[in-house]
Every structure is written in C-alpha cells, then in structure tokens.
Amino acid sequence: MMEYDDDRKLARRIRRLRCHARWILAGTALGGLAVLSISLLLPKTYRATTYVLVSDSKIATTPQGQMWQFAMPTFVPFVDNDELVAKALERFHLDQPPYNLTPEKFRRKNYLDVSIPKATRLLEISVEFPEARLAADLANDLARTAVEYNNRMNASDTEATQNFLKQRLDQAALRATEAAANRLQVSEKARIEDRENQLAIRLSQKEQISNQLEQLRLTLAQNEERAKSLQTALGNEPRTYQLKKSITTDRFLERAAEKMNLDSQGVLSSTEEALNTTHDELRRQFAETSATAASAQAGIKQASTRLAEIDAETSRLLGETTRLRSEMDKVEQDYSLAREAFEAASRDYRNASVTVSAKSQDLKQVAPALVPERPTRPRPLLNTLLGLLLSFTLLTGTALTLESLREMQPETSGFIPEDEPVDVHQS
C-alpha cells in the first residue's frame, strides 16, 4: 500500500513539473546563454609546456631506482622558486604595466605548474598566461634558467671540492715533508749503523776476552796444582849432600899424609858438602810455576775487569740501539702514513671533477615549448554545457520544492485540490 502511494506521489509531481516545463526550459536556456556570454567575454589563457630531462651521471654507481626515487623531487625547486620567477618577469618586463606582476601575484594566479610525470626522469614545466607567445617564452626561459642554474651548481661544487681537496693535499704534503725531515734528522742523530758496528766489536772483544779468561783460569789451575806438587817434592829433597871419602882417593892428600906420618890405610878420610841439584831444579821450577800462576791470576783479574767493562758498555749499546731502533721504526711508520695520505689526497684532487660528477645529475631541456594556437581557458562549449546542466538542475529542484510546499498546504487547511482523486466508501 505504501509503494502504491509513493508511485502516485511521484506521478503527481511529474505531472506538475510538466506544468513548469516552459519556465524550466526558458531558465535553462537563459543560464546557458549567460554562461556562454561570460565565457566569450573572459580573457583567454594559453598553456605552454616544456620538459627538462634529469639525466643520470655517466659514472654514478648508485642503483637507478634508488637514485631517482630520492633525487627527482629535489629538482622541482630548481624551477619553482621565487628568484627564477622574479628574473623571468624582469626579463620579459612583466613586472611593469599592464601586468605589474610580482612572484607572489604570479603564484597566486597559478601561472606556473611544475610536476614530475610518474615513472619518468622528466620535469614538466607548464605556464598558463593570457598571451600565447609569452606563455611559451616563459616556459622555455624557466627551463633554460634551471639548466644553467644546475650547471653553475655543479661547477661550484666541483670548485669547492677541488679547493677542499687542495687544502687536504697541501696539508698532506706538509706532513709528508715534516715526516721526511724528521726521519732524516733521527737517522743522522741515531747513527744506528755505527752503534751496531760498535756493538759487534764489543761482542767480538767480549768473546775474545772470555776465551782468554778461560785459558788463564785453566793455566792458573794447572800451575797451582803443579806448584803444590813441586812444593811437596821440594820438601822431600835436601838442599845439600855430605860426601865422605878416603884420602887415598886423592894423591895429593895421600902424599901429605905420608909426610905427616899419618895412617894412610883408609883410616883417614875427608868429608865434602855439595848442593843438591835436584833440589835446586825443583826450586827453580816451583818459582817459575808460582810466577806463572801469579801472572795468570793477575791476567784473570785484569781480564775480568775488562770483561765487566765490556758487558756494561754492551748493555748500554744494546739499550741505546733498541731505543733508537724503536724511534726509527716509529719515524718510518709516520713517514709511510704521511706518504700514503699524500698519495691518497693527490689522487682525490686529480679525480675531484669525477667525484662531483658521480654525485650529480645533469639537466637538459627537451621538447621546447611551442606557441599554443588554442587557449586552454575559457572553454565556451564545455562551460555552456555545464551551465545548461546546472541551470536545469537548479530550476528543476526549485520547482520540486515549490510543489512540495503546495502539497503540504491543503493537508493543514483541510481543502482538497481539484485534481486530487477522492475515495468514496459506502457504509
């Protein structure tokens, strides 16, 4: 029952709208005509578009996908910035009458649009302006200025990098020179070869004296043992011998005895005392052995003293040589590091332009903007169609609203419209 009532109401409203069809169509036509008139009277706007290619560095090592993902948005300010816009307005005298444009007015009127087409390496520069030629000239000028600005930045980066690397190179050269001078000074002061030769001589002397000392100690031990043996043998040998012999053994004594009427039949004898040659020989040998032992003992003392001196001097030379060798190694290491730093700085300085180029991209204008032949705004036909549609919609809605208000009035006042059907029921 409710659906039947709704259908009846809809049919009734359509019938009433037919009554207003003339006014709705007339109003729609007037609205379309008004929009067409306004579109024809509005100033024309022309759109010129050019593209700037952001080319990858020829020696870049960064993966392309990652580089373009982060690098492309940074190039938009190369074009869309107030300084470039102000210079462009000044070059084309747009800051003077009749336009009197400033960068703020230029942006407020949305004359410039810079965008990045999806999945491309392009910057799309579009300029909308009342004059077709000025629109194309502005677009091309902004693209050219952006390319020149990028080139200046690359040149400035190259120069700044070269200056920085030149300072590093000069510092590295200074450090290398100082390290070389220090190395030479320490080498001359150390005279490590002379000290090593002295140490070799002292070691040779020590070896020689050590051998002599061992020989003297062996000689001393032998002589001391021999002296003890000789002393023992000397104690057993008498110093003199007493010889007793008959006088008959001597013809002179025998004749003397006969003259003196002495017994000459062996009763008379003579005694002689003689030195023991063996005792004298042993004594001589003991003296020689004692003298040799004393000489060996004196030699041992002197050799020990000299050996102690050589040991002390050797220890001193060893300490100085070790210390000087350590200083030489440190100086040599410093010189090697300074030399490597100088070579690295020199290599970086030579490759400064390559280093900057590897981290930069080039801008190049492609597809220069041409003078547009047709304006982009206004569009009379489209605007007229939209005006007709909008007028028809508004007038139709107004008519429906009025009819709805009329339907509500009879219900509140108790009157029944003439065209409203009435149901009659018999009781």
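Values quoted throughout were computed directly from the atomic coordinates according to the rules given, and no laboratory measurement underlies them. As the structure is a prediction and not an experimental result, all values here were calculated from the model. Reconstructed Cβ throughout: ideal geometry from the backbone, glycine too, with neighbour counts over all protein chains shown.
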TODO: Would you please list the contacts, defined by Cβ atoms under 6 Å and residues six or more apart or on different chains, that run from a residue in segment 20-48 that is at positive phi and exposed (fewer than 13 other Cβ atoms within 10 Å of the Cβ) to a residue that is among the polar types (S, T, N, Q) and not in a helix (DSSP H, G or I)?
DONE: none
Open item on the list: Looking at segment 359-379, I want the residues that are closer than 23 Å to L134 by Cβ and have a partner that is assigned to a strand (DSSP E or B) and among the acidic types (D, E) with Cβ atoms under 8 Å, at least 6 apart or on another chain. Which pairs are those?
Closed with: T376/E128; R377/E128
Task: Which numbered condition E343 fails, given (1) charged (D, E, K, R); (2) without any contact (Cβ under 8 Å) to a residue 60 or more places away in the chain; (3) surrounded by fewer than 12 Cβ atoms within 10 Å (Cβ to Cβ) - done: (3)
Open item on the list: Out of the residues in segment 124-150 meeting the condition of being under 49 Å from the mean Cα position of the chain (by Cα) and assigned to a strand (DSSP E or B), tell me which one is nearest to V54 (Cα to Cα).
Closed with: E124
TODO: Determine whether segment 92-100 contains at least one residue that is within 17 Å of A369 (Cβ to Cβ), in a loop (DSSP other than H, G, I, E, B) and among the hydrophobic types (A, V, I, L, M, F, W, C).
DONE: yes
Task: Of all residues in segment 273-315 being charged (D, E, K, R) and within 26 Å of Q231 (Cβ to Cβ), the one that is farthest from the chain's Cα centre (by Cα) - done: E273
TODO: Evaluate the following for A176: is it of a type in the set (A, V, I, L, M, F, W, C) and either over 27 Å from F75 (Cα atoms) or in contact (Cβ under 8 Å) with a residue 60 or more places away in the chain (or both)?
DONE: yes
Task: Pair list, Cβ < 8 Å and 6+ apart or interchain, from segment 304-317 residues that are in contact (Cβ under 8 Å) with a residue 60 or more places away in the chain and surrounded by 14 or more Cβ atoms within 10 Å (Cβ to Cβ) to residues that are aliphatic (A, V, I, L, M) and assigned to a helix (DSSP H, G or I) - done: S304/L213; R306/I209; L307/I209; L307/L213; I310/I209; T314/L199; T314/L203; L317/L199
Task: Extreme residue, farthest from L94 (Cα to Cα), among residues of segment 110-160 that are small (G, A, S) and surrounded by 17 or more Cβ atoms within 10 Å (Cβ to Cβ) - done: A146
